[in-house]
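To start, the structure itself, in structure tokens.
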Protein chains: 2
Amino acid sequence: MKHVTIKDVAKKLNCSVSTISRAFNDKYDIKKETRDHILATAAAMGYSPNPIAKSLLKQCSNQIGVVVPEFINSFFPEVIIGIQEVLIKKGYQVLIMQSNESQITELENIKTLENNMIDGMIVSLSLGTQNVEYYKNLIAQGFPLVLFNRVSNELDTSKVVFDDYKWAFFATEHLIYQGYKHIFHFGGPSGHIFTQKRKDGFIDAHRKHKLPIDDNNIIETGLMIADGERVMEKLINEGNLPDAIFAVNDPTAIGAMKMLRKHGYKIPNDVALVGFTESSLAELIDPPLTSVAQPTHEIGKTAARLLLEQIESKGIFVPQTVILNGRLNVRESSMKLK
Amino acid sequence: MKHVTIKDVAKKLNCSVSTISRAFNDKYDIKKETRDHILATAAAMGYSPNPIAKSLLKQCSNQIGVVVPEFINSFFPEVIIGIQEVLIKKGYQVLIMQSNESQITELENIKTLENNMIDGMIVSLSLGTQNVEYYKNLIAQGFPLVLFNRVSNELDTSKVVFDDYKWAFFATEHLIYQGYKHIFHFGGPSGHIFTQKRKDGFIDAHRKHKLPIDDNNIIETGLMIADGERVMEKLINEGNLPDAIFAVNDPTAIGAMKMLRKHGYKIPNDVALVGFTESSLAELIDPPLTSVAQPTHEIGKTAARLLLEQIESKGIFVPQTVILNGRLNVRESSMKLK
DNA sequence: AATATTTTCGGAAACGTTTTCGGAAACGTT
DNA sequence: AACGTTTCCGAAAACGTTTCCGAAAATATT
């Protein structure tokens, strides 16, 4: 309850607070013996410097804010672990907030973090975030900010992204190589870069292999299991079944799979499936789901490192965009049975 | 970068900082018109009170710390969402840290949070935490602390727990009712309350139904998928197969399921399975896994409410333990086929 | 031995708030 | 007109640090 302060230690040792401070900050102008003595008694008294007071004085807090849209799926938690791995080692504390895919909550989070004098921020934009003016201001003021995955072209700051186009292309091409010809794409919410990129990859893979494709092949679905179920059910009822589906992410693929199974369809015999952004689910469900894996830990670590670079290089800093590589984990859900 | 402070506003308005403060804190001794005028110009200048300075002065921060062992599985994230739901509404900010199942990290987290002058803490103990002396100290000092799920009998503080015994009993009884007679328990790491309780429930269900049971029925397994796989593989190699397994949690059940499938065994025909602590996996895998579901959101909300009670009732406070109810979701993995 | 330099430390200001205290102004009462 | 109340606001202290400045003590230089 009653915290031991620097004054208590000073009183006990009959010296000034400045000396205590010097001992703790390893300053040059203090005798080694006194420093050791101070450190020893301070430890005995259970004293440790109050970071809040320090923050107020230094105008920075050794804290980094992280804002993610959600942490129900394992993707963002895994990224956060990567972030922490790098930052904690550097003595930073990581404050985590979730925006719940809402622009309003996201903005509140940002402001709270800003008020807490955090030294920098790592953000993945929520689906609801259309207006990025606030971020523009932050960036203009030189505030250290790194975006990852859900980024915005309007913002000139460091970014860690995944090559959605390329891996959507590969994933689609994999289905084509397996011999599937009538492929649907279950797309994400429109107006988002990753939605567009994954769709483009899907389309261009068809173009390369000269497979016919039109708007009917692409269905805006969403990102949740329920979305995949809903769209799949509609297709089943309409009797409009493809022989393969490339889904914007694993949950929609899994939703589709559940609905197909429920109606007695076999996977991949009747319909093959490929997901995106590996979740722990992919290899556990039956049949195991072919999916594009993102290097979650690496994304976090890279974002943290970019942020540190910006924080440490006062002023002269050129934002970088790092594109990380993924992997297509081919599993049963997309293997053509001969 | 350059924050607008209360002094800037005071200078601009040619008044004292105390007046500004009064305006923002809705004090009685300020004229309404001046207050409105101040609030308006402050907003125009982009001023908002610095919470760090406030924390230093008030010796509290309107922040609540949450420490969980991990957030890879969806269980803890869901609890956290419940916590946030309650606390954010009350104007608290939630700082989340993970201990990685390590006592050392957990202690570091606690200290960091404490130094940050948080007003209270919600903690789920890590597996590695054997020594709870530090918590005893906190509690003795009257520091608001609520434990959930992974609690300790040695600590006299508010707790939100699940009736592990009861639901382990029900889960086992369900298997017995289905006609399974030779049932194994894949247990958690020893030395933890929940491990013991779930084991006791398993044993007592057998006693009630007068089914023979001994130490061979109970195998200390762990908590991860890999643990389930390892133990299951050993049993298969030994030719020592039960007709049903009650696992300490879903991951171990799923590990067992994977290994059984790999060796060509059918579920539930050859071996039935029941898990514990519903994960999103349970209903997605094939066959869907019967499992005991905990009310994650409710756990979080209750923990938050208990903490608020303690914070608001200065001094006179009696710790409460809330036991929440669960549900046995019966699915294919445990249904005896006639 | 006197002076110059270095080492070591204490005092005080500063960070941005809130709050207590006291005082001035405005008002009401006799 | 004198006094007591009330209303409103400013000055200053406090929260726990760090750091600048200067001074005393210790050491080195002449």
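Descriptive notes on the structure:
- Accessible surface calculations at 1.4 Å, restricted to protein heavy atoms, place the range A:208-252 at 50 Å² per residue.
- Among the listed pairs A:Lys258/B:Lys89; B:Lys32/B:Lys54; A:Lys234/B:Lys336; A:Lys199/A:Lys258, those beyond 27 Å (Cα-Cα): A:Lys258/B:Lys89; A:Lys234/B:Lys336
- For A:Asn237, inter-copy label distances in nm, listed shortest first [label point 7 Å out on the Cα-Cβ vector]: 5.2
- In the context of the full set of protein chains, the range B:6-49 has a per residue accessible area of 69 Å² (1.4 Å probe).
- Interface residues in the range A:22-62 - accessible area drops by 40 Å² or more relative to the isolated chain, probe 1.4 Å: A:Pro51, A:Ile52, A:Leu56
- Taking only alpha carbon atoms, the range B:6-49 gives an Rg to Rh ratio of 0.90, where Rh is the Kirkwood radius.
- Helix axis angle, B:296-312 relative to chain B longest principal axis, alpha carbon, degrees: 40 degrees
- Rounded to whole Hz, the Karplus (6.51, -1.76, 1.60) HN-Hα couplings of the range A:69-77, x for glycine and proline: x, 6, 9, 8, 6, 6, 4, 5, x
- For A:His297, neighbours were defined as the other residues whose beta-carbon sits under 15 Å from its Cβ, and their charges (Lys and Arg +1, Asp and Glu -1) total -1.
- Net +/- balance of residues flanking B:Thr19 in space, Cβ distance below 15 Å, scoring K and R +1, D and E -1: +3
- The angle separating the long axis of helix B:250-262 from the principal Cα axis of greatest extent in chain B is about 40 degrees.
- Comparing B:Pro144, B:Tyr180, B:Gln59 along the charge dipole axis of the range B:48-186, the residue lying farthest to the positive side is B:Gln59, per the Cβ-charge model.
- Sparse-neighbour loop sites [trypsin sites (Lys or Arg not before Pro); the range B:224-283; at most 16 other C-beta within 10 Å; DSSP]: B:Lys266
- Reach of A:Lys266 by Cα under 16 Å, taken over aspartates and glutamates that are not fewer than 8 positions away in the same chain: A:Glu229, A:Glu233, A:Asp243, A:Asp286, A:Glu332, B:Asp286
- Close amide H pairs (under 5 Å, H built 1.01 Å from N) link B:Gln63 with B:Gln93, B:Asp119, residues at least 5 positions away or on another chain.
- The accessible-area loss of the range B:263-292 on complex formation, taken against its chain alone with a 1.4 Å probe, reaches 30 Å² or more at B:Leu281, B:Leu284, B:Ile285, B:Asp286.
- For the range B:76-93, a reduction of at least 50 Å² in accessible area between the chain on its own and the assembled protein chains (probe 1.4 Å) is found at B:Ile81, B:Gln93.
- At 7 Å out from Cα toward Cβ: B:Asn216 inter-copy label distances (nm, ascending): 6.4
- Inter-copy separations for B:Asn62, label at 7 Å along Cα-Cβ, nm, ascending: 2.5
- Charge tally in the Cβ shell below 12 Å around A:Leu113, where Lys, Arg are +1 and Asp, Glu are -1, A:Leu113 excluded: -3
- For chain A, a Kirkwood hydrodynamic radius built from all Cα pairs, placed in the Stokes-Einstein relation at 37 °C and 0.692 mPa s, yields a translational diffusion coefficient of 145 µm²/s.
- Anchor B:Lys301: aspartates and glutamates whose Cα lies under 12 Å away (excluding residues fewer than 8 positions away in-chain): B:Glu78, B:Glu85
- The range B:1-111 - percent of accessible surface contributed by carbon and sulfur, probe 1.4 Å: 55 percent
- Taking every DSSP helix (H) stretch of at least 4 residues in chain B, weighting each as -39,500 (n - 2.57) and dividing the sum by the residue count yields a mean residue ellipticity at 222 nm of -13500 deg cm²/dmol.
- The string of couplings for the range A:48-53 from the Karplus curve (6.51, -1.76, 1.60, θ = phi - 60°) is 8, x, 7, x, 5, 4 Hz, one whole number per residue in order, with x for Gly and Pro.
- Selection of chymotrypsin sites (Phe, Trp or Tyr not before Pro), the range B:10-91, meeting DSSP coil and at most 11 other Cβ within 10 Å: B:Tyr28
- Based on Cα contacts under 8 Å between residues 6+ apart, chain A shows a relative contact order of 17 percent.
- Chains B and A together, accessible area buried on both sides, 1.4 angstrom probe, square angstrom: 3900 Å²
- In this Cβ point-charge picture (+1 for Lys and Arg, -1 for Asp and Glu), the protein assembly as shown has a dipole of about 1440 debye about its Cα centre.
- Residue of chain A nearest the A-to-B rotation axis [by Cβ], rounded angstrom distance: A:Asp286, 2
- Rounded to the nearest whole angstrom, the semi-axes of the ellipsoid equivalent to the protein assembly as shown, taken from the Cα gyration tensor as √(5λ), stand at 47, 36, 22, largest first.
- A DSSP coil position with no more than 12 other Cβ atoms inside 10 Å describes the following GluC sites (Glu not before Pro) in the range A:96-157: A:Glu154.
The values are calculated or read from the model by the stated rules, or taken from the named source; none is laboratory data. Keep in mind that what you see is a predicted model, and the values were worked out from it rather than measured. Quick reminder, even Gly has a Cβ in these numbers, built from the backbone with ideal geometry, and neighbours come from all protein chains shown. Accessible surface is based on the protein model in full, side chains and every heavy atom, while ligands, DNA and RNA are left aside. Shrake-Rupley method; radii C 1.70, N 1.55, O 1.52, S 1.80 Å.
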